[in-house]
Amino acid sequence: MTFRRDFARDGNRLRVELKPLDGHSYQVRVGDNTYEVQGWVLPDGRVRFRMDERTYEAVATRIGESSRTMFDRGVASIASRDVRLLVVMIGSILGLGIATLVLLAVLTSAVVLIRLAQARTALEAEEGPATGE
């Protein structure tokens, strides 16, 4: 199965193709150049790859997208760190410890469900442009 994506580079369209070989090895074609690369996705979302006996780590975002927009806006940001700290501060001032913890649990659970739905929608939309062979 070969995956293809088009990216912008210096104002021009650049075709990138990725073909799995075996294990963590891939054949990568960038424009007219072909490389053999070993690659892994790290637990924190970065990508580590080895090419020509050198190791690289990268954070990649497709053009036109930000790596932090999907969950950092609208209702999905209601349980952000800043909002949780504000809730704890107000709950502490009012002496409502148990109520504060319950509110944090409800907010966090609700946001997890919303984010899962958003992630599913984004992944389903992501499958459209990729072509497989």
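Where a number appears in this text, it was derived from the coordinates with a stated rule and is not lab data. Note that this is a predicted model, so its numbers are computed, not measured. Cβ placement follows ideal geometry from the backbone for every residue including glycine, while neighbour counts extend to all protein chains displayed.
A compact table of results
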read-out: Förster radius 35 Å - calculated FRET efficiency between residue 55 and residue 13 (Cβ-Cβ, nearest 0.05); value: 0.75
read-out: Linear extension gain, residue 27 paired with residue 42, 0.36 nm per residue minus alpha-carbon span; value: 3.4 nm
read-out: Amide hydrogen neighbours beyond the local backbone of residue 2, cut-off 5 Å, H modeled; value: 133
read-out: At R0 = 30 Å, FRET efficiency that the Cβ-Cβ distance of residue 88 and residue 124 yields, to 0.05; value: 0.25
read-out: Residue order, fewest to most surrounding Cβ atoms within 10 angstrom, among 35, 26; value: 35, 26
read-out: Karplus (6.51, -1.76, 1.60) ³J(HN,Hα), θ = phi - 60°, over region 27-34, in Hz, Gly and Pro reported as x; value: 9, 10, 10, 10, x, 9, 9, 10
